[in-house]
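Notes to accompany the following structure.
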Amino acid sequence: MTHPRNTICLWFNGQAEEAAQFYTSIFPDSSVGRILRAPGDYPAGSRGDILTVEFTVLGVPCLGLNGGPAFQHNEAFSFQIATLDQEETDRYWHAIVDNGGEESACGWCKDKWGLSWQITPVALTEAINNPDPNVAKRAFDAMMTMGKIDIAAIEAAVGP
C-alpha cells in the first residue's frame, strides 16, 4: 500500500471516524480509508478503540487522530474550498452550518467539531485579484459584509 508523503493530521476527541464520514459525504473526490484500532489498552483508552482514520477530502490526504480533549481546533487552520458557482457554494456552506456548525464572516464557517472551512467562490478570488485596484477593493468591501458569499453581489460590486 502506498502512503502519501504529506498528510494533514486533524486532532479529534474520539470523533475522527464520524468526522471523516461526514466530510467524505459532502465533497467529491473524497473517501474514508484505513482505520487503525488500538492493539492494547492505553492511558486514554482501551484495546479496539479507534486511534486514527485515514481519509481524503477533495483529493487531499488527511488523518483523523483521536487524541482526546487536550487540543481544540481554531481558525489558525482551515480548509479553503474553491467553488464554481452559487449552487455549489450554498451546498457546501449549508452542509457544514446546518449540521451542527456555525456561520462566520467572509465565507468562513465551522463544522460541529470546531474545524474551520472557507467556502470561497472562484469568482470572489478572481474579483479580489483584479488588476484594477478599484475593482479589487469593491469586491473586497462587498465580501467584508457577507457571511456566506453571494456571487451575484460580488459581481454587482465589481460592475460591468
Self-check item: Residue satisfying all of: in the stretch 93-145; touching a residue at least 12 places away in the same chain (Cβ under 8 Å), more than 30 Å from F71 (Cβ to Cβ) and assigned to a loop (DSSP other than H, G, I, E, B); nearest to the chain's Cα centre (by Cα) among these
Solution: M144
Quiz prompt | Residue list for the stretch 121-147, restricted to those being closer than 16 Å to F79 by Cβ, surrounded by fewer than 20 Cβ atoms within 10 Å (Cβ to Cβ) and either of a type outside the set (A, V, I, L, M) or in contact with a helix residue (DSSP H, G or I) (Cβ under 6 Å, 6 or more places away or on another chain) (or both) | solution = T125
Quiz item: When you go through E155, E87 one by one, which is the residue that is among the charged types (D, E, K, R), surrounded by 15 or more Cβ atoms within 10 Å (Cβ to Cβ), more than 13 Å from the chain's Cα centre (by Cα) and modelled with pLDDT of 95 or more?
Solution: E155
Exercise. Pick out the one residue from W113, W117 that is of a type in the set (F, W, Y), under 21 Å from V32 (Cα atoms) and touching a His at 6+ places or on another chain (Cβ under 7 Å).
Key: W113
Quiz item: Which of the following residues is in the same structural domain as M144 (by TED's automatic domain parsing) and β-branched (V, I, T): T89, T52, T24?
Solution: T89
Practice problem: Test G14 against the stated conditions and say whether it is outside the structural domain of A123 (by TED's automatic domain parsing), over 16 Å from P121 (Cα atoms) and in a loop (DSSP other than H, G, I, E, B). | Solution: yes
Quiz item: Quick check, is L63 surrounded by 15 or more Cβ atoms within 10 Å (Cβ to Cβ), part of a strand (DSSP E or B) and over 16 Å from the mean Cα position of the chain (by Cα)?
Solution: no
Practice problem: Go through the stretch 17-44 and give me each residue that's touching a residue at least 12 places away in the same chain (Cβ under 8 Å) and assigned to a strand (DSSP E or B). | Solution: S31, V32, G33, R34, I35, L36, R37
Quiz item: Among the residues of the stretch 78-92, which ones are over 23 Å from C9 (Cβ atoms) and outside any helix (DSSP H, G or I)?
Solution: T83, L84, D85
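The values are calculated or read from the model by the stated rules, or taken from the named source; none is laboratory data. Here the structure is a predicted model, which is why all the values come from computation and not from measurement. Reconstructed Cβ throughout: ideal geometry from the backbone, glycine too, with neighbour counts over all protein chains shown.
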